[in-house]
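The values are calculated or read from the model by the stated rules, or taken from the named source; none is laboratory data. This structure is a prediction, so every number in the text was calculated from the model and none was measured. Quick reminder, even Gly has a Cβ in these numbers, built from the backbone with ideal geometry, and neighbours come from all protein chains shown. Accessible surface areas use protein heavy atoms only, side chains included; no ligands, DNA or RNA. Shrake-Rupley method; radii C 1.70, N 1.55, O 1.52, S 1.80 Å.
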Amino acid sequence: MASRRRLIVVSNRGPVAYDRSPAGERVTRRGAGGLVTALAPLVSRHEVTWVASAMSAEERALAERGPLEETAADGSRYRLRLVSVDHEAYRLYYDVVANPVLWFVQHGLWERILEPQADLTGPWRDGYVAVNRAFADAVVDELDRDPGAAVLFQDYHLYVAPRLVRDRRPAALLAHFVHIPWVGREGWRVLPAEIVRTIHDGLLASDTVGFHTERWRSAFLDSCEACLGVGAPRRPLVTVSPISVDADEFEALGASAEVRRRTPSLLPDRPERLVLRVDRTDPSKNATRGFEAFGRLLERRQDLRGRVAMLALLHPSRLSIPEYRAYADELQAAAAVVNAAHGTDDWEPITLDLRDDFLLSVAAYRDYDVLLVNPVLDGLNLVAKEAPLVNARDGVVVLSRGAGAFDELAPWVVPCDPLDVEGQAAALEAALELPLDTRRRWLASIRAHVEAHDLDAWAAAQLEALDRASTMRA
Ligand code: G6P
């Protein structure tokens with residue numbers, strides 16, 4: 001394990017979310033989404049100050065009181081500094097620029113943007129850059145308190161912040177990790193050139209820029225060259241290190257009483273075989289095509305009717321954004337089509353469950369026969385790593401070639417192509433038919449891979465790259 005370091009972790013979403021219950025009490029819950037799940041264990045291994053957005057009214061009120069001393073689930077202590085900006089600036093940053101524009105552009109889905117902004121430069125300046133500036137101010141303040149700490153910026157919300165910190169603290173140790181796909185020079189052409197240039201310039205102010213796969217790294221090198229030319233003044237070390245999960249944590253969770261208690265509530269009548277998907281309600285996750293594929297499977301394999309069901313645990317995501325609300329409706333409609341075509345009085349082919357319950361997802365991870373992970377594109381996809389760690393049924397993963405995790409797990413999964421619905425039906429069928437010894441071997445291989453390349457290895461790689469970059473700079 002890497003030695004204990006002083007880290008300033010900077011991400012839009014924090015490790016814990018605060019709200020008020022209807023009774024007026026403060027309630028906390030684990031921050032949603034793969035990134036926060038993956039980064040949370042850093043807190044127990046290092047001395048962490050976490051800088052994150054104040055997203056709710058409760059968090060904005062807490063931010064006023066200055067940094068909080070927090071305790072993680074395992075008892076480790078960390079500082080949490082919430083960055084609060086005015087409501088409209090946050091809306092422009094999160095609801096207009098980061099999602100959907102940057103997220104959709106980087107997932108090849110820009111045509112899904114329902115109401116293209118007549119002028120993106122206003123939201124960019126008054127939202128995205130303004131919030132990045134507020135983050136940079138907080139980081140500079142933290143660095144003045146502890147100049148030796150390494151700053152780890154995370155993801156597409158914070159592309160400009162490294163430049164804003166670098167200009168004020170030239171000697172700071174800055175890393176940026178991009179958790180979503182990167183697109184090459186052509187993919188960026190849909191946005192104003194000045195915005196694209198500022199994004200690249202922001203990232204290049206870091207000492208290191210990390211990606212989950214070589215695919216995204218090469219695309220980044222390509223778009224940097226197109227934007228800034230080969231002679232850009234300052235070059236960070238651009239690395240590939242696929243993020244992972246804390247294998248021990250997931251194995252312990254899978255065996256826990258809380259998770260076992262939830263298993264019976266997954267489906268009232270569990271069929272012989274269960275196909276599972278666990279995602280946020282996000283167009284990039286491609287759940288509607290997965291439902292259609294399941295319908296086609298039931299058409300071509302009538303013998304499976306009544307014997308197999310699909311459970312879709314989809315956590316409502318980004319519903320303040322019209323494109324995401326529209327997609328949540330599309331999901332319900334797509335599941336209803338399959339259920340109307342094939343369902344009977346005592347069997348529903350697809351159960352769509354929109355509860356946001358992390359432990360329920362872990363209970364479902366234990367119980368699947370086939371796990372469908374079919375995103376259009378995905379930076380990595382942690383579900384494909386988490387679920388096999390706890391599965392208790394020799395389950396098989398059907399994995400999209402568009403997911404970053406495919407590059408690591410390909411030998412032990414049934415592959416699928418995200419836009420090919422018929423092909424996904426065939427992949428589901430192949431997974432259901434896979435002989436037991438292959439299923440066992442593949443599951444064991446994925447587990448061994450994730451255990452050997454776990455979150456400690458990822459964190460150590462980040463810090464090692466940062467040290468290497470700072471030695472090169474000296
Ligand atoms: C993905 C992104 C994260 C994000 C998460 C949840 O995993 O890479 O940066 O936090 O989705 O999305 P949200 O908008 O709810 O934070």
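Checking each residue in region 95-153 for being touching a strand residue (DSSP E or B) at 6+ places or on another chain (Cβ under 9 Å) and either at positive phi or outside any helix (DSSP H, G or I) (or both) picks out His107, Asp146, Gly148, Ala149, Ala150, Val151, Leu152, Phe153. Summed over region 46-75, residues that are in contact (Cβ under 8 Å) with a residue 60 or more places away in the chain and either under 23 Å from Tyr94 (Cα atoms) or in contact with a helix residue (DSSP H, G or I) (Cβ under 7 Å, 6 or more places away or on another chain) (or both) total 3. Scan region 181-201 for residues that are within 16 Å of the ligand (Cβ to nearest atom) and out of contact with any His (no Cβ under 7 Å at 6 or more places or on another chain) and jot them down. Passing the criteria: Trp182, Val183, Ile199. One residue alone among Val16, Val48 is buried (at least 17 other Cβ atoms within 10 Å of the Cβ), away from the ligand (no atom under 16 Å from the Cβ) and among the hydrophobic types (A, V, I, L, M, F, W, C), and that residue is Val48. The set of residues from region 327-377 being within 23 Å of the chain's Cα centre (by Cα) and of a type in the set (Asp, Glu) comprises Asp329, Glu330, Asp353, Asp356, Asp357, Asp367. Set side by side, the residues Ala73, Ala130 differ, and just one is of a type in the set (A, V, I, L, M, F, W, C), away from the ligand (no atom under 16 Å from the Cβ), open to solvent by less than 60 Å² (accessible area, probe 1.4 Å) and more than 14 Å from Leu191 (Cα to Cα), which is Ala130.
Across region 29-69, the number of residues qualifying as at pLDDT below 95, closer than 25 Å to His179 by Cα and not in a helix (DSSP H, G or I) comes to 10.
Residues in region 401-430 that are surrounded by 21 or more Cβ atoms within 10 Å (Cβ to Cβ) and among the small types (Gly, Ala, Ser): Gly402, Ala403, Gly404, Ala405, Ala425, Ala427. Considering only region 87-102, I want to know if a residue exists there that is under 30 Å from Gly148 (Cβ atoms), open to solvent by less than 30 Å² (accessible area, probe 1.4 Å) and more than 16 Å from the ligand (Cβ to nearest atom). No - not one qualifying residue is present in region 87-102. Of note, Val398 satisfies the criterion of being touching a Cys at 6+ places or on another chain (Cβ under 9 Å) and either open to solvent by less than 10 Å² (accessible area, probe 1.4 Å) or without any contact (Cβ under 8 Å) to a residue 60 or more places away in the chain (or both).
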